[in-house]
């Protein structure tokens, strides 16, 4: 009974920024639970490779190139997926970028807007396009990828643009949940710590960063993409049927100190 709640058989899930990292691990997790997965990403070559890896493993996976900063793209992508693949039951908004080590007093409008346009504006457009059809059907689950940086000022890296964008994602999550909860659409978010991707792994070898990133984490390690994907699977499934507007922190204890 209880394990069945985690199943996504017969459902279609769309994951943005899914060519690598958390997005790709999420596609694997949702597919393992029985979902048909649609991966989207700006990097068409990496997207093709990711989809090929999944299909070679016998997974029902599809790829759709997608630039979340294109104001008209989200609705167009939604309509294309609905027509070719089927109605979307789960949306995971994972696409995001960081431009770090830029002091606030010297941050240009271009750098500020670039991060906000991907992390917040693009995410909202996806929620709007896919959420509208979920509301029309009376059901669906949206999971946004926020960050512990939405709660704290990261250190030592200076990135007010990223931090502000993730705080906005958290509040947007709660606001959408409040509007849509009675209409059958759940909206939640996960707030990860630093995740062991190739880029972060190289950066984290800097002794100064290790002092703050790992030394400031009770678990003493980076998170893994599959650990965040597991939380996303939970939030996307009926196992979380009473949850909406929640921000699930997965930070290895970073915010305990």
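The table below gives the values:
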{"item": "Matching helices (runs of 4 or more DSSP H) fully within the stretch 150-213 where at least 3 residues are touching a helix residue (DSSP H, G or I) at 6+ places or on another chain (Cβ under 7 Å) and either modelled with pLDDT of 95 or more or surrounded by fewer than 16 Cβ atoms within 10 Å (Cβ to Cβ) (or both)", "result": "160-180"}
{"item": "Total residues in the stretch 85-108, condition closer than 30 Å to residue 156 by Cα, assigned to a loop (DSSP other than H, G, I, E, B) and touching a residue at least 12 places away in the same chain (Cβ under 8 Å)", "result": "11"}
{"item": "The stretch 95-138, residues that are in contact with a strand residue (DSSP E or B) (Cβ under 7 Å, 6 or more places away or on another chain) and more than 16 Å from residue 169 (Cα to Cα)", "result": "130, 134, 135"}
{"item": "Given (1) under 20 Å from the mean Cα position of the chain (by Cα); (2) under 28 Å from residue 34 (Cα atoms); (3) in contact (Cβ under 8 Å) with a residue 12 or more places away in the chain, index of the condition residue 82 fails", "result": "(1)"}
{"item": "From the options 51, 68, residue that is in a loop (DSSP other than H, G, I, E, B) and surrounded by 20 or more Cβ atoms within 10 Å (Cβ to Cβ)", "result": "68"}
{"item": "Pick from the stretch 1-16, criterion assigned to a loop (DSSP other than H, G, I, E, B) and in contact (Cβ under 8 Å) with a residue 12 or more places away in the chain, ranking: surrounded by the most Cβ atoms within 10 Å (Cβ to Cβ)", "result": "16"}
{"item": "Filtered residue count, the stretch 125-149, keeping only those that are farther than 26 Å from residue 223 by Cα and assigned to a helix (DSSP H, G or I)", "result": "13"}
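The values are calculated or read from the model by the stated rules, or taken from the named source; none is laboratory data. Note that the structure is predicted; figures quoted are calculated from it, not measured. Cβ atoms come from the backbone with ideal geometry, glycine included; neighbour counts cover every protein chain shown.
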